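Each remark here refers to the structure printed beneath this line.
The values are calculated or read from the model by the stated rules, or taken from the named source; none is laboratory data. Since we're looking at a predicted model, the values are computed, not measured. Ideal geometry is used to build each Cβ from the backbone, glycine not excepted, and the neighbour counts take in all protein chains shown. Note: accessible area is taken over every heavy atom of the protein model, side chains too, but ligands, DNA and RNA are not part of it. Shrake-Rupley method; radii C 1.70, N 1.55, O 1.52, S 1.80 Å.
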Amino acid sequence: MRPGTAADDAALAAGAGADLLHRLPQAARWLRDLDGRLVLGNYVYADGATNVRVATAVDALTAHLGRHRPDAALAFLATPTDVYAVPAEAVAHAERGYAARGPARRALRLLSGGRLLHRNYPPGADPGINDSLVPQQGPNYALAKRLQRWRAAVARDAGATVSFTVAPPTRTRSVLRNRALAAAYAGAHRFGIEVFEPATSNTLMAALLVHDLRTGGGPAQEHPWRDEAYAAAHGGLWRVPYAPRSALGLAVLLGLGGARA
């Protein structure tokens with residue numbers, strides 16, 4: 001085979017990458033010695049407890065590069081299914097929707113004893129607290145993503161260039177493997193939540209990353225929660241009238257047919 005052929009490229013792709021769980025020091029030395037500007041994107045994912053292990057490995061790598069490559073920029077894609085402080089305008093939008101809800105949804109809330117379709121925020125909250133955690137994703141996923149948020153906040157405070165963006169709900173393979181989550185995503189549009197196709201999310205997030213790298217990580221914000229809220233692509237989770245988990249079961253029922261399709 002001549003170098004540069006399709007077969008060579010396939011062989012290279014099959015063997016490319018670094019084992020961060022078992023060969024982290026070697027990966028750290030390689031990245032530390034690279035020439036030119038370095039951007040470390042923390043996009044790792046694994047199933048179960050391995051997700052926390054690999055997230056911790058990348059965090060250790062990030063801390064190491066921060067000591068040896070202070071010019072390095074960091075990039076994170078935050079999950080929309082987490083807990084965030086959100087601006088007052090998102091709260092106001094949700095409140096308008098809650099006040100305008102129809103009689104069927106009012107009756108459903110009453111019949112459920114208040115367990116279904118309760119309001120997303122206390123009236124006038126500033127900031128509001130949006131709780132979009134999904135129990136089906138498990139504690140390992142929540143902890144791994146929280147580690148990234150902590151690292152982004154600490155690095156930004158230390159003066160590093162940080163691109164931290166809340167990514168939209170997306171029909172990824174890991175989501176679609178979970179039948180309940182796949183059904184919830186299929187029915188989410190009934191409640192004003194937009195679920196993106198992977199190609200759309202990838203393009204949008206890449207554009208925001210380029211913007212952040214060219215502007216130094218976006219405008220300076222007064223509080224860390226505003227850094228997280230800036231340019232968040234939450235897919236509507238922050239602006240819907242109902243607390244997401246109080247509508248999750250209904251979204252699953254409404255989306256079962258679409259998920260099977």
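Per-residue ellipticity at 222 nm from helix content only, as computed over the chain with -39500 (n - 2.57) for each DSSP H run of at least four residues, stands at -16000 deg cm²/dmol.
Of 72, 13, 207, the residue with the greatest mean-square motion in the GNM of the chain, using alpha carbon springs below 10 Å, is 13. In a reduced charge model with +1 at each Lys and Arg Cβ and -1 at each Asp and Glu Cβ, the stretch 124-261 shows a dipole moment near 580 debye about its Cα centre. Residue 45 contributes an accessible area of around 110 Å² to the protein surface, as traced by a 1.4 Å probe with all chains present. Positive end of the dipole of the stretch 126-203 (Cβ unit charges, origin at the Cα centre): among 155, 186, 168, the Cα lying farthest that way belongs to 186. Fully extending the segment from residue 35 to residue 189 would add 50.8 nm, taking 0.36 nm per residue of separation and subtracting the current Cα-Cα distance. Above 31 Å lies some portion of the pair distances; for the chain, what is it as a whole percent of all C-alpha pairs? Within the chain, distances greater than 31 Å cover 33 percent of Cα pairs.
Overall, the stretch 1-75 carries a charge dipole of about 220 debye about its Cα centre when +1 sits on the Cβ of Lys and Arg and -1 on the Cβ of Asp and Glu, all other atoms neutral. Rounded to whole numbers, the Karplus 3J(HN,Hα) couplings from phi for the stretch 66-75 are x, 7, 9, 10, x, 7, 5, 9, 10, 9 Hz, using 6.51 cos²θ - 1.76 cosθ + 1.60 with θ = phi - 60°, and x at Gly and Pro. For residue 89 and residue 153, the difference between the fully extended length at 0.36 nm per residue and the C-alpha to C-alpha distance is 20.7 nm. Note on the chain: dipole from Cβ charges, positive end direction compared against 211, 56, 97; the farthest Cα belongs to 97.
What the Cβ-Cβ distance of residue 49 and residue 225 gives, at R0 = 35 Å and to the nearest 0.05, is a FRET efficiency of 0.75. Overall, the chain carries a charge dipole of about 880 debye about its Cα centre when +1 sits on the Cβ of Lys and Arg and -1 on the Cβ of Asp and Glu, all other atoms neutral. Separation of the stretch 186-261 from the stretch 31-81 is 22 Å, based on Cα centroids. A crude spin-label estimate for the pair residue 26 and residue 197, with each label 7 Å from Cα along the Cβ direction, gives 3.9 nm.
Simple spin-label estimate for residue 133 and residue 179 gives 2.6 nm between the two label positions (7 Å along the Cα-to-Cβ direction from each Cα). Shown in residue order for the stretch 114-123 are the 3J(HN,Hα) couplings computed by the Karplus curve 6.51 cos²θ - 1.76 cosθ + 1.60 at θ = phi - 60°: x, 6, 9, 6, 8, 4, 6, 9, x, x Hz (x for Gly and Pro). Between residue 115 and residue 171, the FRET efficiency from the beta-carbon distance, with R0 = 35 Å, is close to 0.80. A dipole drawn for the chain from +1 and -1 charges on Cβ atoms has a positive end, and of 114, 36, 135 the residue lying farthest that way is 114.
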